1. When ligands, DNA and RNA are left out and all protein chains stay put, how many square angstrom of accessible area per residue does chain D have with a 1.4 Å probe?
2. If you plug each phi of region A:146-159 into the Karplus form 6.51 cos²θ - 1.76 cosθ + 1.60 with θ = phi - 60°, what whole-Hz ³J(HN,Hα) values come out, in order, with x for Gly and Pro?
3. With every protein chain left in place and a probe of 1.4 Å, what is the accessible surface of D:His227, to the nearest 10 Å²?
4. When each copy gets a label point 7 Å from Cα toward the beta-carbon at C:Gly132, what are the spacings between them in nm, shortest first?
5. Relative to the longest principal Cα axis of chain D, at what angle does helix D:169-182 sit, 0 to 90 degrees, rounded to 10?
6. Between C:Glu42 and C:Ile101, how many nm apart are label points set 7 Å from Cα along the C-beta direction?
7. Rounded to the nearest 500 deg cm²/dmol, what is the calculated helix-only ellipticity per residue at 222 nm for chain C, with -39500 (n - 2.57) per DSSP H run of length n ≥ 4?
8. Taking only the Cα atoms of region B:110-158, how large is their convex hull per residue, in Å³?
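The values are calculated or read from the model by the stated rules, or taken from the named source; none is laboratory data. What you are looking at is a predicted structure, and each value in this text was computed from that prediction instead of being measured. With ideal geometry, Cβ positions are generated from the backbone for all residues, glycine too; neighbour counts draw on all protein chains shown. All accessible areas refer to the heavy atoms of the entire protein, side chains included, with ligands and DNA or RNA removed. Shrake-Rupley method; radii C 1.70, N 1.55, O 1.52, S 1.80 Å.
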Protein chains: 4
Amino acid sequence: MMLRLGYDIQFQIPSPVAMVALLNVHPSRVGDLRAPDELRVEPGTYIESFIDSFGNRCTRFVAQQGTLHLSNSTLLQDSGFADPVKYDARELPVQELPHQILRYLLNSRYCEVDRFASIATELFGAVAPGWGRVQAICDWVHARVNFGYQYARPTKTALDVFAERFGVCRDFQHLAVTLCRALHIPARYASGYLGDIGVPVAPSPMDFSAWFEVYLDDRWWTFDARHNCPRFGRVLMATGRDASDVAMTTSFGMANLTQFTVVSEEVTQESAFQANQS
Amino acid sequence: MMLRLGYDIQFQIPSPVAMVALLNVHPSRVGDLRAPDELRVEPGTYIESFIDSFGNRCTRFVAQQGTLHLSNSTLLQDSGFADPVKYDARELPVQELPHQILRYLLNSRYCEVDRFASIATELFGAVAPGWGRVQAICDWVHARVNFGYQYARPTKTALDVFAERFGVCRDFQHLAVTLCRALHIPARYASGYLGDIGVPVAPSPMDFSAWFEVYLDDRWWTFDARHNCPRFGRVLMATGRDASDVAMTTSFGMANLTQFTVVSEEVTQESAFQANQS
Amino acid sequence: MMLRLGYDIQFQIPSPVAMVALLNVHPSRVGDLRAPDELRVEPGTYIESFIDSFGNRCTRFVAQQGTLHLSNSTLLQDSGFADPVKYDARELPVQELPHQILRYLLNSRYCEVDRFASIATELFGAVAPGWGRVQAICDWVHARVNFGYQYARPTKTALDVFAERFGVCRDFQHLAVTLCRALHIPARYASGYLGDIGVPVAPSPMDFSAWFEVYLDDRWWTFDARHNCPRFGRVLMATGRDASDVAMTTSFGMANLTQFTVVSEEVTQESAFQANQS
Amino acid sequence: MMLRLGYDIQFQIPSPVAMVALLNVHPSRVGDLRAPDELRVEPGTYIESFIDSFGNRCTRFVAQQGTLHLSNSTLLQDSGFADPVKYDARELPVQELPHQILRYLLNSRYCEVDRFASIATELFGAVAPGWGRVQAICDWVHARVNFGYQYARPTKTALDVFAERFGVCRDFQHLAVTLCRALHIPARYASGYLGDIGVPVAPSPMDFSAWFEVYLDDRWWTFDARHNCPRFGRVLMATGRDASDVAMTTSFGMANLTQFTVVSEEVTQESAFQANQS
C-alpha cells in the first residue's frame, strides 16, 4: 500500500524565534520512503538535523519574523497490514528489561507515575500480566474518557484526565501510558500520521495523531487508547516519554499557529508518482 | 584535598524487588577516585552496571526478601577549590546550543516549564541575561523558600514550591531549574555528596545533596539554590531532568528505608589509607 | 434607565434530575423590578424557592426527562449610574470586620487562599491598602490574563489561572478574589446580568457575567477584573465564595445544555411595557 | 459519663494579629456542660463571640505580640453511648433534602466534588444507597489510606489523598466527604474532642480530632473514616464544608504554634468537681 504523507503548517512569528520540529518520519521507517521526506521551511533559513536522545529525527532552525510556512509531501510504502497484535506477548519482569528501556518506567511531565501506584493496582493489579492487561487498560481508558477537541489544553496531566474524563488523543494516551508504567510495564508516547484507511466513517478532520507503545516480549508494540482497534497506515514520527518530548514543533518564544493541514491517505502507485512529479 | 565518601543504607524488603541505584560517583569524576567506588549489595546478588541516557552510572539488581544493605566507602582526590564562578558567562541563544543540550529546556515531572512562562518572565525577564540572571534566580529561591525536612514529599512540583514556599534541597533546585528553563536557559538537576567542608556551622545531618547545573558559555556550571554560596568538596553522582531521573534508588515494588547514613568528609592522606585498609 | 432582562435556556435531560437554579435578580434589587421576575420551567413541575446562606434567591425543582426549558423576561428600573467608585474607601483591619464578613477571607474551591499568601504579598504587599490596592489587583489580572471562551473549564482554580494566564470571566474574578483574600481583604464572587450599555463595541455574545465584590469601609463594592472599568446596567443575581456557590444551575445528575441566550438591554419605557404585555 | 475537656495552646506572635478561634463545644452540646466552657486568652484582650453561618460558636480577638496562651478546662455530661448507628437509614433524593442541607453537596477547598464524579460512581455507584453505602465509603478510605502525622500538609485536597494514600485525620475525612457529595449524599466536616475511651490501645497522643457527618433520613449522623468504628465520648466543636471552615484557630497574619495539649478523658463525678474547684 502506498501512502501519501504531508502537511502544510503556518505560523505568524512576531520576532525571530528558535524552533525544533519533529516533522519527519521516524528513522525506523526511512527504508519505506519512496520519495524524499523533506521538511520545507519558508522563508528559507539555515536548517540543522539531529537525532535526539529518544532516537527521533529533529530539525532546528530560527524562524524569521512574519509568516512561517512548514510543509512536506512524501510517499511511503506500507505493508498494508494493521497494527500487529500478539495476544500472548509477555510482560517482562523489570529485571529482564534491557537497560535502555528502564527510563520508560519513570515519571514525566504529563505522566505522574508516582501518583498512580494505588489507582493502577486497584484497577488492574488483579488482571493477568501481558498483552491482555495492556489491552484492559486501553479498553478502560477508551470507555471512560470522552473525546472532544474542546477539552484540549497543553498542561493536562494523566491525573487530570483520570479525574475529568475528557480529552483529545494525547490525553487518552497519557493516561494509558501512566497506568502501564505504574504497573511497571514500559510505555512510551508516540506520534505520527494516521489516516482513515479502513475506517467506515472518518472520525475527524485530518490531524497528526498520538498513540503509545508498550514493551512486551522483546520489542515495542503499538496501542491506541483513543481508537482502541488495530489501524492501517499508521506511520511513526517520534516517540518519547510524553507529549512534551515529541511536540511537532517547540518554539522558544512566540509562534502563533494560523493554519494546519495534514495529509495521510492511500494512493495508487501511478497517481502517487504523477502527483509527486508535478 | 582527600575526601572520604560513602554511605550505609538499609531497606526492609517484603518480597523480591528489582531496583536501580545511582550510588556511584559520576563518570566525570572517576579519574579522581583513589580507592574503588564499589556499591556493596548484601545479601549478595547478581549486579549489572550501565550508563543511562543522561550519562550516569547505574546499578541494577534484584533485592531479596529481608534486610537489604547498600554500602560503599571510597576516597576521592578533590581540587580543594570551591564551585567555580564566572560572572561574565553568557546565556546562549537557543539556536547556539548543542543539540544534546536542548532537552534540558523541556518539561519534566517536577519542573512544569509550561506553567512558568509568565511567572519567570515577570520575575526575571528584565534581568540582564547570563550568569547574573541565574544567580538572581538562586537568590530569589534561596530567600523565598524555607527549608525544613518536614516539608519533604515525593510528589511536590516546582509550582507547589512556588506556592507553598517550604521544602527540602530538591524542592529548591526544582524551582530554580524550572525558572531557568522557562527563560530558555538549559538547566538540569544534580545530586551527589556534599560535606560540610568550610562551613562554620554544619547545617544538618549528613545526607546526599541536590543542586543544579546551568549551561552557560560552552559548559555546565554548578548552582545551588539551597545553600546559595560556592561550596567545597561537592562530588557529583548523577544529573537528569529532575529528581525522578536521578533517584538514589528506584524500587519497582515495595522497599522500606530503615537506615540511612552518608559520609562525606575531608581526611588526611594517611588516615585515609589507613582507614581504607582496615 | 429601564432594562429588559431575561434568558432562554434549554437542557436535554436523559432522566429525571434535581436542579437548583440561581436565575432571579438578587433580593437586594427586587425593589427595582417593574415586571415579575419569574423563572418559567417547562414542562411544568413543582417548584420551591428559598434563600441560601449567602442571601441568594434559589429555585429548586425536578426536571423531567426530555427537553427542559428555563426562561424569564422581566423589567428593571436602574439608576443609570455606572458602578460606584470611591477612591478613598478604606480596607478594614480584620478585627473591625463584621462577623458575617469573615467567611469571605477563607479558602474556597476555586480560590486557594492558602496557596497565595506569598504570591499576593510579593505582588501587592507594598501597595497602599484601600481602594487603590484592590484596583491594582484588578489592573494586574486584567493585563496579565488573556480572555478566550476556548479556555473555559469547570475545574480551573485561581492558581491555574495565575500559571496559565488564559480564561473566561469567572477565571479573572477567581484570581482577583483570591489575591484580595490572601491580603485579608474580604472578597466574594458575583454573577448577574451585564449588557453592553455604553460600550462602544460589544465585546461578545450576550451571556451572564461574573464580577466580584470587595468589602471596603462599611459595604461591598463592585469590581470587575475582566472588563476593569465601571459599567452601566449591571444587575446582581447572586454572590458567594466562588463560582461553585452561585452556578446558574446545579444539576444533581445529567443535564446537557443545548441552548442558551441571555437578554440584557436598555429599553424605552414604552417599548418595555408594550413588549411585556404581548 | 462525665468528661473532662480542655486544652492548652501556645503561640508566639511576632506582631499583633487578628484571630478567630473555634474552641468551644458546639451549641448543640451546651446543655450537657457541667462547668463553664470558657476560652481563656492570655494576655487578656477584648474578646467577641459570634455564631458563624454553619452554626458554630466562634471567638474573635487580637493577639498581642509575644506569647499567646489559649486554654480551657470544662466538664461535660455525656450519654456514655457510642456513636449512634442506624443501618437502615435512608439516603434522601436531592429533591427531598431540606434547603439548608443543599450546600453540603457542593465543592469546597479541600473537597473537589467536581473532579470525583466518575471516580465515586465507579467505586460506589453500584452499592445500594443508604447507610451501607456511606459505610462502604468509610471502609474503603480506612483501608486504602495510611495514617501518619508526617503526611500532614495544609494544602492537601481529597484528590491528593486519593492519589497519595497517606494522611492524617482530616485527610481521611476530606476524601470520604468528597466521595459522598459526588454521589449526592450531603456530607460535612466535623471537629471536636475525641478521647481514647473504650479503646484498648490509645492510638496517638491527645489531639483534637476530625470526623464527618452525613445526612440520612432526617438528620446528621457521625462517621469517621479514620477510626472507622463507633466511638465513645466524641464531643462536637464545629462543622463546616471542610477543614478550612472549622480551623481551631485562623490567624490573619503570623502566629507560630509552639505548644499544644488537649485533654479529653472520662472522670468520676467526684474527681471532676474536686479538680474543677482547685
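1. On the way: 10580 Å² over 278 residues.
Solvent-accessible surface per residue comes out at 38 Å².
2. 9, 7, x, 4, 5, 9, 6, 7, x, 9, 6, 9, 4, 5
3. Rounded to the nearest 10, the figure is 40 Å².
4. Counterpart label points of C:Gly132 in the remaining copies fall at 3.1, 6.7, 7.3 nm.
5. Long axis of D:169-182 versus the principal axis of chain D: about 40 degrees.
6. Here the answer is 4.5 nm between the modelled labels.
7. Values: 5 runs with 52 residues, N = 278.
Calculated from helices alone, the mean residue ellipticity at 222 nm is -5500 deg cm²/dmol.
8. Numbers: hull volume 4.4 nm³, N = 49.
Considering the Cα atoms of region B:110-158, their hull volume per residue is 90 Å³.
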